[in-house]
Amino acid sequence: MSDAAIGSQPWYRSLNRGQWNTLIASNLGWLFDGYETYALILTAGPAMRSLLDPSQYAQIPAYIGTVIAVTLLGWGIGGLVGGVLADYIGRKRTMILAILAYSIMTGFTAFAFDWVSFVVLRFLVGVAIGSEWSTGTSMMAELWPDHARGKGAGLMQCGLGIGFFIASLTWLFVGQMGPEAWRYMFVLGVLPALLTLWIRTSIPESDLWVKSNERRRNALARQKGGETLPAHEEALTRFTVADLLADPEIRRRTIITFLMSLTTTLAWWGISTWVPPYVASVAAKAGLPGQVWASYAAMAYNAGAIAGYISLGFLADRFGRKPIVMIFFAMSLIMTPVLFMWTQDLTMLLVVAAINAFFTLGQYSWMSTWLPELFPTRMRATGIAFVFNTPRFIAFLGPLLAGTLIVQLGGFSKAAVIVSIIYVLGFVVVPFLPETKGQPLPA
């Protein structure tokens, strides 16, 4: 379709059935990831009470922390492995394998018989979940048209917040089914496996990947035959992880986006996870039930996050990647003291929490929007996975740092503002990336 024809009609009318199906599959994959992740947060306590001896109940918080940490570790490792696999065996095949793996492992979690079996299964679930995001992001970017790529990325990314909501709603009913109710939540986690049957018949493989893979095979065959390859073909023969550091421009982009990803991830884990307990503490001081207000805060925060996920993609397509991402970083820095220091009215706190989430959690969409446009097809999924996942090996320090500051400074407010200074890092490095709005993906 010509540029003139595209400009004369709404953006969504330029998409074909395969492109819409790709969005649905990627969104649902991330939605089920969100359900599975939040289901763990909701059920970890009851699960530990069921699996541990009563004499160990006093240590349940430590066991929960270990389970969540192991899950995140698996997520980071799985994300890197999944990205590499998607570059070598294809986007569609890797997505199917990832969804099948986390569906089956989640189902097995329902039959855990002790703490050790539970934590091992959680690690395997984490590996599978991590594999899905980079694959879905690569597939979306390669199948959607240049003028609407950001919109598709934002619509895909919002699946995580929707999954959080579905898990919360499900637990509202399932949680009343007795002390073993946590097992039913994980049994329901098998349902995503059915999605793979639809993906097999309804989602095309990325044509960009097919062509790149063919060039890789040809280059490898010629190299094995003793032929000396030109530089651009020799790059096809390198292992994709090594390829990230081999080319100076790709290496530069990897370092810059790593710093941006570290900003987003460390700040979220170090600040935003404290929003519900902070609101609960304000409510308690006012003589109101803290846990009820913490739930209200969580719902408001997730609502704002979903709006932020979608909006960043649409705004980036309208105004460009650089200005919008810089605004999201700057507003995250500003909204942190607004939430934690300058707002005391409880109703207004919920409004501010939603606005804060719009920027602090919604900014994650810059990764699904911008990253695919910075790496060539031969190693796109590897690059995306590296940037998205490696900061998690550092970001776990965020909650530890914030927790220590909260104790030392006697409250949430000053600690949150101190941690939020990292947003300056993200803001400063953004201008060093190329603007890619509306441009074709690097071949």
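Numbers for the structure displayed
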item: Most mobile of LEU244, LEU194, LEU72 in a GNM of the chain (Cα contacts under 10 Å); result: LEU194
item: Surrounding net charge for PHE111, when Lys and Arg each add one and Asp and Glu each subtract one, Cβ distance under 15 Å; result: 0
item: Whole-Å semi-axes of region 3-77's equivalent ellipsoid (Cα gyration tensor); result: 46, 11, 9
item: Estimated inter-spin distance, VAL292 and ALA231, nm [label 7 Å along Cα→Cβ]; result: 6.8
item: Among LEU31, TYR12, GLY83 the positive-end extreme of the charge dipole of the chain (Cβ point charges); result: TYR12
item: Farthest toward positive dipole pole in the chain [+1 Lys/Arg, -1 Asp/Glu at C-beta], among PHE123, GLY226, LEU194; result: GLY226
item: Whole-Hz ³J(HN,Hα) from phi, Karplus 6.51 cos²θ - 1.76 cosθ + 1.60, for region 157-164, glycine and proline x; result: 5, 5, x, 4, x, 5, x, 4
item: For region 1-129, Kirkwood radius (reciprocal of mean inverse C-alpha pair distance, Å); result: 16.9
item: Modelled FRET efficiency - R0 35 Å, SER202 with GLN9, Cβ distances, 0.05 increments; result: 0.90
item: Computed over the chain: relative contact order in percent, which uses C-alpha pairs under 8 Å that are six or more apart; result: 23
item: Cα-centre dipole for region 151-296 with unit charges at Cβ (Lys and Arg positive, Asp and Glu negative), debye to 20; result: 40
item: Length added when fully stretched, ASP114-GLU249, from 0.36 nm per residue minus Cα-Cα; result: 43.7 nm
item: Karplus (6.51, -1.76, 1.60) ³J(HN,Hα), θ = phi - 60°, over region 122-127, in Hz, Gly and Pro reported as x; result: 5, 4, 5, 4, x, 4
item: Label-to-label distance, nm, for residues given as GLU435 and LEU100 (7 Å Cα→Cβ offset); result: 4.5
item: Ordering of 61-71, 376-386, 80-90 by packing [mean C-beta count within 10 Å, highest first]; result: 376-386, 80-90, 61-71
item: MET105 - accessible surface, heavy atoms, 1.4 Å probe, Å² rounded to 10; result: 40
item: Residue-count net charge about VAL325 - beta-carbon cut-off 15 Å; Lys, Arg +1, Asp, Glu -1; result: +3
item: Proximal lysine pairs, the chain, alpha carbons under 17 Å, eight or more residues apart or interchain; result: 4
item: Whole-angstrom gap from region 286-355 to region 48-125, using each part's C-alpha centre; result: 29
item: Cα-centred dipole magnitude for the chain, charges only on beta-carbon of K, R (+1) and D, E (-1), debye, nearest 20; result: 380
item: Accessible area of HIS232 in the full protein assembly, 1.4 Å probe (Å², nearest 10); result: 130
item: Student exercise, region 213-339 dipole from Lys, Arg, Asp, Glu Cβ charges, in Debye to nearest 20; result: 20
item: Cut-off under 5 Å, modelled amide H: who pairs with CYS158 long-range; result: none
item: For region 139-153, Karplus couplings with θ = phi - 60° (6.51, -1.76, 1.60), whole Hz, Gly/Pro x; result: 5, 4, 4, 7, 9, 8, x, 4, 6, 10, 4, x, 4, x, 5
item: Taking region 225-339 and dividing mean pair separation by its residue count, relative contact order in percent (alpha carbons under 8 Å, at least six apart); result: 11
item: The chain - Rg (one decimal) and Dmax (whole number), Cα, Å; result: 22.1, 78
item: Candidates GLU227, GLU142, GLU132, ranked by Gaussian network fluctuation over the chain, Cα under 10 Å, top entry; result: GLU227
item: Residue-averaged [θ]222 nm for the chain, counting only DSSP H segments that reach four residues, each worth -39500 (n - 2.57); result: -25000 deg cm²/dmol
item: Apportionment of accessible area to carbon and sulfur, region 292-334, percent (1.4 Å); result: 79
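The values are calculated or read from the model by the stated rules, or taken from the named source; none is laboratory data. What you are looking at is a predicted structure, and each value in this text was computed from that prediction instead of being measured. Neighbour counts are summed over all protein chains in view; Cβ atoms, including those assigned to glycine, are modelled from backbone coordinates with ideal geometry. The protein model used for the area step is the full one, side chains on, heavy atoms only, and it has no ligands, DNA or RNA in it. Shrake-Rupley method; radii C 1.70, N 1.55, O 1.52, S 1.80 Å.
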